[in-house]
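Participant: I'd like to ask some things about the structure below.
The values are calculated or read from the model by the stated rules, or taken from the named source; none is laboratory data. The model shown is predicted, which means the values in this text are computed figures rather than measured ones. Here the Cβ positions follow ideal geometry from the backbone for every residue, glycine too, while neighbour counts run over all protein chains shown.
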Amino acid sequence: MAENVVEGLQAEGVNKIVLLTSSGVAGALELASQVSGVDVMIVSQGNEIFSNTYADADNSYPLFQESAASEPVLIVMAGEHTEYLGRLGVEFDADGVLADWDGDVIRLSRYIAPAADVAEEVAKLAEPVQQIGEMVIGKATVALEGSWRACGVSECPLGNLITDALRQHTGAQIAYINGNGFPATCRLARSR
C-alpha cells in the first residue's frame, strides 16, 4: 500500500517524501527497505530514543536504512511523552536523493526558555480555546476513562462517548476512533 501512495505522489511531481509510521522501529526498517522514494520516516509508536548525544539512546539519530532502490532512508524517533524534540536537517542532490544530513534530539526541560514570539502567539491562540474548554456542555455520572490501559486494548467509556458523538454529528452508522488518541481520562468534578 505504501508503494502505491509513494508512486502516486511521484506521479504528481513530488520527489521528497516524509512518511509518518506507527509500525514501530522494526516495522519502519522493514518498510524502508521494501519501498523506493521515501526519504524520511518518522516513527510515532514506541518509546525508543534515537540520539547521538544521550547515553541512554537506543539508536543513533537518524537511523539509516537503504531503500529498495539503494537510496538512503532516514528513520527518526524521539521517545515518548514529549520528553525530547527531534531536529533533522537534510540536503538533497539534483535528483532529489538525500545527499547529506545531521540532527539529534533535544531533551526538553523547564530550563529551556521558550522563544518569546512563539510563546506570545501560543498564549493568544490558547485564550479562546481555554474559554471553550471551560464551557459546560454536558454531564457524566461516571468517570470517562481514557487511559491507554483502558482504551488502547478494548472498548472504554470515553471512546464510546466520542464515537457516539461522531455518529450523531455526521449521521454515520459506524464510527471508529484510535484508542491511543485520547488526551486523558475525564475525571468527575463538582457541580458548577
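Participant: Residue pairs, Cβ under 6 Å, 6 or more apart or interchain, first in the stretch 46-72 and in the same structural domain as VAL6 (by TED's automatic domain parsing) and of a type in the set (A, V, I, L, M), second in a loop (DSSP other than H, G, I, E, B) and loosely packed, with under 14 Cβ neighbours inside 10 Å. List them.
Facilitator: Final answer for the pair search is none.
Participant: Another question, if that's okay. Considering the stretch 149-178 alone, what residues qualify as being among the polar types (S, T, N, Q), in a loop (DSSP other than H, G, I, E, B) and over 28 Å from HIS81 (Cβ atoms)? Lay out the reasoning, then the answer.
Facilitator: As a first pass, look at the stretch 149-178 and keep what is among the polar types (S, T, N, Q): 154, 160, 163, 168, 170, 173, 178.
Pick out the ones that are also in a loop (DSSP other than H, G, I, E, B) and you get 154, 173, 178.
Hit for the stretch 149-178 is GLN173, nothing else.
Participant: Give the residue, chosen from GLY181, GLY146, that is in a loop (DSSP other than H, G, I, E, B) and either under 30 Å from ALA57 (Cβ atoms) or in the same structural domain as ASP58 (by TED's automatic domain parsing) (or both). Give the steps one after another, and end with the answer.
Facilitator: Working: GLY146 fails: either under 30 Å from ALA57 (Cβ atoms) or in the same structural domain as ASP58 (by TED's automatic domain parsing) (or both).
Criteria check complete, one pass: GLY181.
Participant: Continuing with the same structure: Find all pairs meeting these conditions: Cβ atoms under 9 angstrom apart; at least six residues apart or on different chains; first residue within the stretch 160-176 and over 19 Å from LEU144 (Cα atoms); second residue among the aliphatic types (A, V, I, L, M) and surrounded by 13 or more Cβ atoms within 10 Å (Cβ to Cβ).
Facilitator: Correct list of pairs: ALA172/LEU166.
Participant: Restricting to the stretch 98-144, and then to whatever is under 30 Å from GLU66 (Cα atoms) and in contact (Cβ under 8 Å) with a residue 40 or more places away in the chain, can you tell me which residue is surrounded by the fewest Cβ atoms within 10 Å (Cβ to Cβ)?
Facilitator: Pass one, the stretch 98-144, residues under 30 Å from GLU66 (Cα atoms): 98-107.
Narrowing the set further to residues that are in contact (Cβ under 8 Å) with a residue 40 or more places away in the chain leaves 98, 103-105, 107.
Values: LEU98: 19, GLY103: 17, ASP104: 20, VAL105: 23, ARG107: 15.
The residue in question is ARG107.
Participant: Now for a different question. Filtering the stretch 41-56 down to residues that are of a type outside the set (Val, Ile, Thr) and over 19 Å from the mean Cα position of the chain (by Cα), which residue is nearest to ILE17 (Cα to Cα)? Explain how you work it out, then say what you get.
Facilitator: Step one: filter the stretch 41-56 for residues of a type outside the set (Val, Ile, Thr), giving 41, 44-48, 50-52, 54-56.
Imposing the further condition that a residue be over 19 Å from the mean Cα position of the chain (by Cα) reduces the set to 52, 54-56.
Working: ASN52: 24, TYR54: 28, ALA55: 30, ASP56: 30 Å.
If we take residues in the stretch 41-56 being of a type outside the set (Val, Ile, Thr) and over 19 Å from the mean Cα position of the chain (by Cα), then ASN52 is nearest to ILE17 (Cα to Cα).
Participant: So which residues in the stretch 59-81 are surrounded by fewer than 15 Cβ atoms within 10 Å (Cβ to Cβ) and either of a type in the set (Lys, Arg) or out of contact with any helix residue (DSSP H, G or I) (no Cβ under 7 Å at 6 or more places or on another chain) (or both), if there are any at all?
Facilitator: SER60, PHE64, ALA69, SER70, GLU80, HIS81
Participant: Collect the residues in the stretch 1-57 that are of a type in the set (Asp, Glu) and touching a helix residue (DSSP H, G or I) at 6+ places or on another chain (Cβ under 9 Å), keeping them in residue-number order.
Facilitator: Those that are of a type in the set (Asp, Glu) and touching a helix residue (DSSP H, G or I) at 6+ places or on another chain (Cβ under 9 Å): GLU3, GLU48.
Participant: Right, another one. Determine whether the stretch 95-106 contains at least one residue that is out of contact with any helix residue (DSSP H, G or I) (no Cβ under 6 Å at 6 or more places or on another chain), at pLDDT below 90, in the same structural domain as PHE64 (by TED's automatic domain parsing) and on the phi < 0 side of the Ramachandran plot. Break it down into steps so the answer makes sense when it comes.
Facilitator: Step one: filter the stretch 95-106 for residues out of contact with any helix residue (DSSP H, G or I) (no Cβ under 6 Å at 6 or more places or on another chain), giving 95-106.
From what is left, the residues that are at pLDDT below 90 are 95-96.
Keeping just the survivors that are in the same structural domain as PHE64 (by TED's automatic domain parsing) gives 95-96.
Add one more test, that the residue is on the phi < 0 side of the Ramachandran plot, and what stays is 95.
Checking the stretch 95-106: at least one residue is out of contact with any helix residue (DSSP H, G or I) (no Cβ under 6 Å at 6 or more places or on another chain), at pLDDT below 90, in the same structural domain as PHE64 (by TED's automatic domain parsing) and on the phi < 0 side of the Ramachandran plot.
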